[in-house]
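Trainee: Below are the structure tokens for one structure; questions will follow.
The values are calculated or read from the model by the stated rules, or taken from the named source; none is laboratory data. Predicted model, so just to flag it, every value in this text is computed and none were measured. FYI the Cβ positions are ideal-geometry reconstructions off the backbone, even for glycines, and counts take in every protein chain you see. Just the protein is used for accessible areas: all its heavy atoms, side chains included, with ligands, DNA and RNA removed. Shrake-Rupley method; radii C 1.70, N 1.55, O 1.52, S 1.80 Å.
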Amino acid sequence: MSPDTPVFLAACRREPVPYTPIWIMRQAGRYLPEYRAVRERVSFETLTRTPELAAQVTLQPLRRFPLDAAILFSDIMTPLQGMGIDLTFEPGPVVREPIRTAAAIEALRPLVPERDVPFVLDSIRLIRAAAPRHVPLIGFAGAPFTLFCYLVGGRPSKEFESARAFLYAEPEAAGRLLDQLADAMGAYLAAQAAAGAQALMLFESWGGLLAPAQFEPFALRAARRTLAVLRGCGVPLIYYLNQGSALLGQLAPIEADVIGLDWRSPLGTARRVLGPDKAVQGNLDPAALFAPPAALAAAAGQVLLEAGGAPGHIFNLGHGIWPHTDPDAVARLVDVVHERSQRPGAGG
Ligand code: CP3
């Protein structure tokens, strides 16, 4: 690893690193009093559409903790608004007219990022200008099937029954919608990289709801369609799959450098199944941040142990941090991960 390469990017590329990098899903969010203070003045939507505010909030966790990456403050549903979808955040996304017909699918506009979501690209430019050089910026999008769940289901749900039923009832229409979303997210992420994002992440939050026989032809095929466009961007690609332990065997061909995992997939097993060509990201249970300090340290140590000594692990939670988490617990976690993973002489 060259001394100029940020530790997070080196770990994504499975290069040896002096310590295990850490960032936290939803690291800019309601557990931070300074985030809540901004949200008292402006709506979530205004926050995502105002580059100065989005940049300010993105940088908030970096001021408190020595995190190894920043993630753009936005939402997976934001680009869909640019494609003509009417939705609100309450706080989860609610689509006014869920998509259920072929006509509604035809009516979706292709996404032209510079025209439809210029504020996202401006946010990225502002963050890059202000963030420390050793802290790379992650751009992101929802994976096509996860967006499909909200578009067809209309609102947050545990089972996304209507979205899953649609796959069986109208497989061809479902496939067309997934293709449109895949192409839109490919264009969206490529534009983020062009604006300065140094890694790109696809959030497949609901892919784990699918039976293995449906995951491959719908969710995985669409995610691969997005990722294939991005290979030429020259930045690491991360595919986060929530509740995917039964599906990991299907991920070998995916065009991602890093697979993000939730806490139900032990990292050691995941690494064996995924093979040596993938780095892994994760996967502490967000609930562990409620443990007393010694037990939190032990839980973090267990994740490091599971990840093993081979290069290619980025520490994270297994899913987003909970809004009632104590920021001091996050400070302890970041320190303990950096301390316990020291590898004197490796890279750096
Ligand atoms: O810090 C970061 O991680 C960057 C910002 C970010 C947000 N949403 C901000 C947000 C990211 C990466 C997301 C991704 C996202 N959004 C996902 C994928 C990750 C996951 O959690 O599975 C999903 C499924 C969504 C959809 C979404 N947006 C939900 C379900 C909710 C409500 C849940 C909640 O946390 O309250 C949102 C709203 C949202 N997105 C908030 C934030 C900070 C809360 C809004 C508020 O301040 O009121």
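Trainee: Which value in nm describes the separation of the simple spin-label points at ARG63 and PHE89, placed 7 Å from the Cα toward the beta carbon?
Mentor: 1.9
Trainee: Of TYR168, ALA69, MET83, which is farthest towards the positive pole of the chain's charge dipole, taken about the Cα centre with +1 and -1 on the beta-carbons of Lys, Arg and Asp, Glu respectively?
Mentor: ALA69
Trainee: In degrees between 0 and 90, to the nearest 10, how far off the longest principal axis of the chain does helix 327-340 point, with axes built from Cα atoms?
Mentor: It works out to around 60 degrees.
Trainee: Tell me, what does the Kirkwood hydrodynamic radius of the chain come to in angstroms if you use every pair of distinct C-alpha atoms?
Mentor: With all distinct Cα pairs of the chain included, I get 20.3 Å.
Trainee: Next question. Over the chain, with every protein chain in place, what whole percent of the accessible area is carbon and sulfur at 1.4 Å, could you tell me?
Mentor: On the way: 7340 of 13680 Å².
Of the solvent-accessible surface of the chain, carbon and sulfur hold 54 percent.
Trainee: Evaluate E = 1/(1 + (r/R0)^6) for ALA213 and GLU114, where r is the Cβ-Cβ distance and R0 equals 41 Å; express this FRET efficiency to the nearest 0.05. The partial results should precede the final answer.
Mentor: Numbers: r = 39 Å, r/R0 = 0.95.
For ALA213 and GLU114, the calculated efficiency is 0.55.
Trainee: Next question, about the same structure. So for region 257-348, averaging the separation of alpha carbon pairs under 8 Å that are six or more residues apart and normalising by length, what relative contact order in percent results?
Mentor: Reported as a whole number, the value is 32 percent.
Trainee: Right, something else. Quickly rank 312-323, 261-272 as a protection proxy: mean count of other C-beta atoms within 10 Å, highest first.
Mentor: Averaged packing, sorted descending, gives the order 312-323, 261-272.
Trainee: Taking the chain as the reference, fit the longest principal axis to its C-alpha atoms, fit the long axis of helix 144-153 to the helix C-alpha atoms, and give the angle between the two in degrees, 0 to 90, nearest 10.
Mentor: It is inclined by approximately 50 degrees.
Trainee: Report, in debye and to the nearest 20, how large the dipole of the chain comes out about its Cα centre when Lys and Arg carry +1 and Asp and Glu carry -1 on their Cβ. Could you put the intermediate results ahead of the total?
Mentor: Numbers: 32 positive and 33 negative charges, 81 e Å.
I would put it at about 380 debye.
Trainee: Which angle between 0 and 90 degrees, to the nearest 10, do you get for helix 118-130 versus the longest principal axis of the chain when only C-alpha atoms count?
Mentor: In the chain, helix 118-130 runs at an angle near 10 degrees to the longest axis.
Trainee: Let me know the Kirkwood hydrodynamic radius for region 178-258, please, with Cα pairs as the basis and the value in Å to one decimal.
Mentor: The answer is 12.8 Å.
Trainee: I've got another one for you. Of CYS233, CYS149, CYS12, which is the most mobile in a GNM of the chain whose springs link Cα atoms less than 10 angstrom apart?
Mentor: Checking each option, the largest mean-square fluctuation is seen for CYS233.
Trainee: Would you calculate, for the chain, the mean residue ellipticity at 222 nm contributed by helices, counting each DSSP H stretch of 4 or more residues as -39,500 (n - 2.57) and dividing by all residues, to the nearest 500?
Mentor: The helix contribution divided over the chain gives -13000 deg cm²/dmol.
Trainee: Further question: Among 135-144, 328-337, how do they line up by average Cβ neighbours within 10 Å per residue, starting with the highest?
Mentor: Final packing ranking: 135-144, 328-337.
Trainee: To continue, here is another question. Post the alpha-carbon centroid distance, region 233-310 to region 82-156, in whole angstrom.
Mentor: So the two Cα centres are separated by 25 Å.
Trainee: Also, quick follow-up: Picking from TYR31, PHE290, PRO276, whose Cα lies most toward the positive end of the charge dipole for region 7-340 (charges on Cβ: Lys, Arg +1; Asp, Glu -1)?
Mentor: Farthest along the dipole direction, towards plus: PRO276.
Trainee: For GLU34, project a label point 7 Å along Cα to C-beta. Then give me every residue of region 42-62 with its amide nitrogen under 11 Å of that point.
Mentor: Counting backbone N atoms under 11 Å from the label point, the list is 56-62.
Trainee: Full-extension gain between ASP4 and SER157, please, as 0.36 nm times their residue separation minus the C-alpha to C-alpha distance.
Mentor: 50.7 nm is the gain from fully extending ASP4 to SER157.
Trainee: A further question on this structure: Please give the length that would be gained between ARG41 and LEU305 if that part of the chain were fully extended, namely 0.36 nm times their separation in residues minus their C-alpha to C-alpha distance (nm, one decimal).
Mentor: Length difference between fully extended and current span is 90.7 nm.
Trainee: Something else about it: Could you give the length gained on full extension between ALA298 and ARG176, defined as 0.36 nm per residue of separation minus the Cα-Cα distance, in nm?
Mentor: Gain on stretching ALA298 to ARG176: 39.2 nm.
Trainee: Take the Cα gyration tensor of region 194-338, multiply each eigenvalue by 5, square-root it, and list the three semi-axes largest first, rounded to whole angstrom.
Mentor: 27, 17, 15
Trainee: Within 11 Å, Cβ to Cβ, of LEU87, how many net charges do the neighbouring residues add up to if Lys/Arg are +1 and Asp/Glu are -1?
Mentor: In short, -3.
Trainee: Place a label point 7 angstrom from the Cα of ALA165 along the Cα-to-Cβ direction, then list the residues of region 79-97 whose backbone nitrogen is under 19 Å away.
Mentor: Counting backbone N atoms under 19 Å from the label point, the list is 95-97.
Trainee: Report the antiparallel proportion of the DSSP beta bridges in the chain as a percent, rounded to a multiple of 5. Can you show the working numbers first?
Mentor: Working: 3 of 28 bridges.
Among the beta bridges of the chain, antiparallel pairing accounts for roughly 10 percent.
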